[in-house]
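The values are calculated or read from the model by the stated rules, or taken from the named source; none is laboratory data. Just so you know, these numbers come straight off a predicted model, no measurement behind them. Every residue, glycine as well, gets a Cβ built from its backbone with ideal geometry; the counts of neighbours run over all protein chains shown.
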Amino acid sequence: MKMRNIAAFMLAGMMIASMFQTRPVMAEETTAAAAETEAAEEVAAFDPAAEHGPIFTDLMENGVLKVGIIGNDPTFCYHTVEEGKDVLGGFEVAGMYEMAERLTEYMGREVKVEFYESDFTGCMAALQANQVFFVTRLSPTDERKETWLFTDVYHKSNECYVAKKDADTSKFTGTLEGVKVAGQMGSIDITMTQHVYPDAEIEELSMVSDILLAVKNGKVDLGCMNAVSAAMSVAANDDLMVVDALTWEPTDDFDKGCGLCMAYGNEDFAEWANGFWSDIREEGLWAQMQADAAAHLDAEALKDFIVE
């Protein structure tokens, strides 16, 4: 492996980990916060005899949390090697395992996780076919909410645009007329770009690696993606840069963030999931999962970001 690539892996991990650093939480604070939360909220015990939506009904019968997860996108979800085996890592993956543990406690029966990993199109097809309970990392746009039920948002980041370092940045202004921009198929990145830069020429591609290759080969001028993916892209490829002038923090009008997308009729599960997200945030666990995912990035996890 080239020395540049080894350095890139290390730099990418440090860059992303720094994005999720939070003030250390003392044990006394955690205990006090947990006690206050427990005293303030009495969560109703799960009643297996009550009427439930399809997700809870299936969980009672089979004990398998069927998750449609959009990969490969470190640090959300990525492949790595543990004990010689290819496994899924990332903070979304860790979050789903934690969800299964808390469902086990809540429902009084063991719940395991089963991942269906694909791109946006594949995951949505699986959701429509009832092969998964929900799909991760989707923005609850008004259009999508007409068809699908969403949980509260659990992640949101800036929108960034990646270009070649020797690119003529003078044309990256105004409405981006005549500028070719690539983004992931079905992503909110493309939707936002079309709103903010209506004259840009959009090309939809399947994976982040396809976007980076298109930028490097000059087939497009820019690649649009979230700040996490952008940071890793430029860390892993020394001929790419983030165009700072185009980086912006989306308002809810454009990007409401990421939630879990599921079929209507599962309002009871969505409500429980909202409590789950709230709990792990308050405990500091969600921020820790994100930092841990970044810290454990390795060559296998970042291989799709190295584009020659």
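Yes or no, residue by residue, for (1) aromatic (Phe, Trp, Tyr); (2) part of a strand (DSSP E or B):
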{"residue": "Val220", "(1), (2)": "no, no"}
{"residue": "Val234", "(1), (2)": "no, no"}
{"residue": "Ala245", "(1), (2)": "no, no"}
{"residue": "Leu260", "(1), (2)": "no, yes"}
{"residue": "Phe269", "(1), (2)": "yes, no"}
{"residue": "Trp277", "(1), (2)": "yes, no"}
{"residue": "Ile280", "(1), (2)": "no, no"}
Whichever residue in segment 49-89 is in contact with an Asp or Glu (Cβ under 7 Å, 6 or more places away or on another chain), of a type in the set (Gly, Ala, Ser) and over 21 Å from Asp119 (Cα atoms) and, among such residues, is surrounded by the fewest Cβ atoms within 10 Å (Cβ to Cβ) | Gly63
Please give the strands (runs of 3 or more DSSP E) falling wholly within segment 74-170 in which 3 or more residues are of a type outside the set (Asp, Glu) and under 27 Å from Leu285 (Cβ atoms).
-> 78-82, 85-89, 112-118, 134-138
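Looking only at residues in segment 233-292 that are among the hydrophobic types (A, V, I, L, M, F, W, C) and at pLDDT below 90, which one is surrounded by the fewest Cβ atoms within 10 Å (Cβ to Cβ)?
Applying the first criterion (among the hydrophobic types (A, V, I, L, M, F, W, C)) to segment 233-292 yields 234-236, 240-243, 245-246, 248, 254, 258, 260-263, 269-270, 272-273, 276-277, 280, 285-287, 289, 291.
Filter once more, so that each one left must be at pLDDT below 90: 234-236, 248, 254, 258, 287, 291.
Working: Val234: 23, Ala235: 22, Ala236: 24, Trp248: 14, Phe254: 17, Cys258: 23, Ala287: 17, Ala291: 19.
Within segment 233-292, the match that is surrounded by the fewest Cβ atoms within 10 Å (Cβ to Cβ) is Trp248.
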Just checking, which of Glu83, Glu92 is free of Cβ contacts under 8 Å to residues at least 40 places away in the same chain and in the same structural domain as Cys261 (by TED's automatic domain parsing)?
-> Glu83
Specify which of the listed residues (Thr191, Thr169, Thr175) is of a type in the set (S, T, N, Q), more than 30 Å from Met289 (Cβ to Cβ), in contact (Cβ under 8 Å) with a residue 40 or more places away in the chain and not assigned by TED's automatic domain parsing to the domain that holds Thr75.
-> Thr169
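Assess whether Val228 counts as being surrounded by 15 or more Cβ atoms within 10 Å (Cβ to Cβ), in contact (Cβ under 8 Å) with a residue 24 or more places away in the chain, touching a Lys or Arg at 6+ places or on another chain (Cβ under 6 Å) and not in a strand (DSSP E or B).
Details: surrounded by 15 or more Cβ atoms within 10 Å (Cβ to Cβ): yes; in contact (Cβ under 8 Å) with a residue 24 or more places away in the chain: yes; touching a Lys or Arg at 6+ places or on another chain (Cβ under 6 Å): no; not in a strand (DSSP E or B): yes.
Considered against the rule, which asks whether it is surrounded by 15 or more Cβ atoms within 10 Å (Cβ to Cβ), in contact (Cβ under 8 Å) with a residue 24 or more places away in the chain, touching a Lys or Arg at 6+ places or on another chain (Cβ under 6 Å) and not in a strand (DSSP E or B), Val228 comes out as no.
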The residue that is farthest from Tyr154 (Cα to Cα), considering only those in segment 50-73 that are outside any loop (DSSP other than H, G, I, E, B) and in contact with a strand residue (DSSP E or B) (Cβ under 6 Å, 6 or more places away or on another chain), is Val64
